[in-house]
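Notes to accompany the following structure.
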C-alpha cells in the first residue's frame, strides 16, 4: 500500500452524515478472523431473511470465483485514495498494512432504501470505529469451532506460504481476543452455517450461557494460535 493512502486511512473519520445513515438504519455486523466463514454466513442470511450484504470496496485482487460488484468492488489504490479523501466511506481501514477495505455510504444507503437490513462484513478495526461513533453499536465476532478445523479451512483455500499464514494468524489473534476485552463484541461459534444463522437470527448469542460457552472456544483458539506462532517466530 502506498504511503499516501495509508496516511489517509490512518487519519480517516466518517462524516456526521454517514454516521447518521448508519444509526438510523441499524445493520447486522459480522467480524472475525480469516477462515471463520463470514462471507458464507452473510450470503446465507441474505438468502433466507430480510438481509443484504453491503458490498465493500477493496484494493486487494479478486480471488478465484469472486465476482466484482458481488463479493467486493475491486478498486485501485488511486481510486481508494480519492474516495477516502472525498469522505465516501462510513468506515475505511488498512488491513495487514497491505490493502484497504471500506464501506461506501452509497452502497449502505442502497440496501437501506430497499427496505432490507444491511449486513456489514468488515475488519474489527472498522467495527471499533463505528462503536466509538454510534451508540449501542454491537458486533458478532464469528469464531471457527476449533483450531484444527480452522487450519483445515485456511489450508483448503489455497496453498499459502507459511509466512503468509503466520501473518494472517497474527492478525487473527488480535481479533479473537476482542470479545474477551469488549462486551460489545458477541462471540458466535460457526459450526454449520444453518445452525449459526439460527443462533444469530434468534439472538441466542446474547444470552449469558451462550457467551460463556463461546468464550471457552475463544480461549482455546487463543492458546493454540499463540502456540503455533511461537513455533514459527521467523516464518
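From 191, 196, grab the single residue that is more than 17 Å from residue 138 (Cα to Cα) and part of a loop (DSSP other than H, G, I, E, B).
On the way: 196 fails: part of a loop (DSSP other than H, G, I, E, B).
Matching residue, one of 191, 196: 191.
Would you confirm, using the coordinates I've provided, whether residue 136 is over 19 Å from residue 35 (Cβ atoms) and either touching a strand residue (DSSP E or B) at 6+ places or on another chain (Cβ under 7 Å) or exposed (fewer than 12 other Cβ atoms within 10 Å of the Cβ) (or both)?
Working: over 19 Å from residue 35 (Cβ atoms): yes; either touching a strand residue (DSSP E or B) at 6+ places or on another chain (Cβ under 7 Å) or exposed (fewer than 12 other Cβ atoms within 10 Å of the Cβ) (or both): yes.
Yes: the conditions hold for residue 136.
Hey, does the range 28-44 have a residue that's out of contact with any strand residue (DSSP E or B) (no Cβ under 7 Å at 6 or more places or on another chain), outside any loop (DSSP other than H, G, I, E, B) and in contact (Cβ under 8 Å) with a residue 12 or more places away in the chain?
Taking every residue of the range 28-44 in turn, at least one turns out to be out of contact with any strand residue (DSSP E or B) (no Cβ under 7 Å at 6 or more places or on another chain), outside any loop (DSSP other than H, G, I, E, B) and in contact (Cβ under 8 Å) with a residue 12 or more places away in the chain.
Kindly evaluate residue 70 against the criterion of being farther than 22 Å from residue 201 by Cβ and in a loop (DSSP other than H, G, I, E, B). First the steps, then the outcome.
Values: farther than 22 Å from residue 201 by Cβ: yes; in a loop (DSSP other than H, G, I, E, B): yes.
Here the answer is yes, as residue 70 does meet what is asked.
So the check is Cβ under 8 Å with 6+ separation or different chains; which pairs have a first residue in the range 80-106 that's at positive phi and at pLDDT 90 or above and a second one that's buried (at least 20 other Cβ atoms within 10 Å of the Cβ) and assigned to a helix (DSSP H, G or I)?
Partner pairs satisfying both residue conditions: 87/18.
Taking residue 47 and the conditions (1) farther than 27 Å from residue 170 by Cβ; (2) surrounded by 14 or more Cβ atoms within 10 Å (Cβ to Cβ), which numbered condition does it fall short on, given that it satisfies the others?
Here residue 47 meets the rest and fails (2).
Can you pull out the strands (runs of 3 or more DSSP E) entirely within the range 94-178 that have at least 3 residues that are farther than 26 Å from residue 18 by Cβ? Step through it out loud before you land on a result.
Details: elements: 99-104, 117-121, 139-143.
Of the strands (runs of 3 or more DSSP E) lying wholly inside the range 94-178, none has at least 3 residues that are farther than 26 Å from residue 18 by Cβ.
Can you tell me which of (1) in a loop (DSSP other than H, G, I, E, B); (2) touching a helix residue (DSSP H, G or I) at 6+ places or on another chain (Cβ under 6 Å); (3) surrounded by 21 or more Cβ atoms within 10 Å (Cβ to Cβ) is the one residue 12 doesn't meet?
Every condition holds for residue 12 apart from (3).
The values are calculated or read from the model by the stated rules, or taken from the named source; none is laboratory data. Just so we're clear, the structure is a prediction, and the values are computed from it rather than from any experiment. Don't worry about glycine lacking a Cβ; one is built from the backbone with ideal geometry, like all the others, and counts go over all protein chains shown.
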